[in-house]
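The values are calculated or read from the model by the stated rules, or taken from the named source; none is laboratory data. As the structure is a computational prediction, the values presented were derived from the model and not from experiment. Surface areas here come from the heavy atoms of the whole protein model, side chains and all, with no ligands, DNA or RNA. Shrake-Rupley method; radii C 1.70, N 1.55, O 1.52, S 1.80 Å.
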Amino acid sequence: MTKYVCTVCGYVYDPEVGDPDNGIAPGTPWEQVPEDWVCPLCAVGKDMFEAQ
């Protein structure tokens, strides 16, 4: 699965890990992450992430 990196702070969203602290289960592909999800480190939206 493709990882996505925040262009603001460098946080990497890894689909294999997800973001369980914010309701995103491990194994959740980027396409299924809700549009209102924000970076857990700097709070920018999904539009500020790029495929790694």
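Backbone amide hydrogens, once placed in the peptide plane, bring ILE24 within less than 5 Å of ASP19, excluding anything fewer than 5 places away on its chain.
What fraction of the Cα pairs in the chain, stated in percent, has a spacing above 15 angstrom? In whole percent, the long-distance tail amounts to 35.
What percentage of the solvent-accessible surface of the chain, computed with a 1.4 Å probe over protein heavy atoms, is contributed by carbon and sulfur atoms? Write down the numbers at each step before the final one.
Working: 1590 of 3210 Å².
The nonpolar share, carbon plus sulfur, comes to 50 percent.
Under a 1.4 Å probe, what is the accessible area of the chain per residue, stated in Å²? Mind dumping the intermediate values first?
Working: 3210 Å² over 52 residues.
Per-residue value: 62 Å².
Here the Karplus curve 6.51 cos²θ - 1.76 cosθ + 1.60, taken at θ = phi - 60°, turns the phi angles of segment 19-25 into couplings of 9, x, 5, 10, x, 9, 5 Hz, with x standing for Gly and Pro.
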